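Dumping the structure here so I can ask a few things about it.
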Amino acid sequence: MLNFAAAKIIKMIQILLISTLIIAIAMVFFLVRVLFVRQGEFKSQHIHDSQAMRERGINCVMDQDREMRRKSSTAVKEKSL
């Protein structure tokens with residue numbers, strides 16, 4: 001029974017080391033892009049910064065919410081009781 005538990009622990013350590021190595025390699029690639037590429041910076045991931053999304057009429061949910069909350073000049077005023 002002890003060998004089975006030890007084998008599982010060894011397998012878990014191997015998987016942890018492989019995962020750590022993959023993450024480290026990805027971080028090195030990010031570092032290379034930022035340091036060695038001219039004007040190396042990450043592109044904005046926000047929808048409102050994407051020209052293609054704007055052309056398709058897709059907006060950021062925060063922009064849509066802001067637009068919906070704006071008072072409309074044609075809105076009917078409600079009375080509260």
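Criterion first (of a type outside the set (A, V, I, L, M, F, W, C), under 20 Å from the mean Cα position of the chain (by Cα) and assigned to a loop (DSSP other than H, G, I, E, B)) does Ser44 satisfy it?
Spelling it out, Ser44 is indeed of a type outside the set (A, V, I, L, M, F, W, C), under 20 Å from the mean Cα position of the chain (by Cα) and assigned to a loop (DSSP other than H, G, I, E, B).
Taking the residues in region 47-81 that are among the basic types (Lys, Arg) and assigned to a helix (DSSP H, G or I) as candidates, determine which candidate is surrounded by the fewest Cβ atoms within 10 Å (Cβ to Cβ).
Out of the qualifying residues, it is Arg69.
Let me ask another. Which members of region 30-41 meet the condition of being surrounded by 10 or more Cβ atoms within 10 Å (Cβ to Cβ) and either modelled with pLDDT of 85 or more or part of a helix (DSSP H, G or I) (or both)?
Those that are surrounded by 10 or more Cβ atoms within 10 Å (Cβ to Cβ) and either modelled with pLDDT of 85 or more or part of a helix (DSSP H, G or I) (or both): Phe30, Leu31, Val32, Arg33, Val34.
Out of all the residues in region 2-21, is one or more loosely packed, with under 10 Cβ neighbours inside 10 Å and in a loop (DSSP other than H, G, I, E, B)?
no
The values are calculated or read from the model by the stated rules, or taken from the named source; none is laboratory data. Computed from a predicted model, the values in this text were never measured in an experiment. No Cβ is skipped: glycine too gets one built from the backbone with ideal geometry, and neighbour counts run over all protein chains shown.
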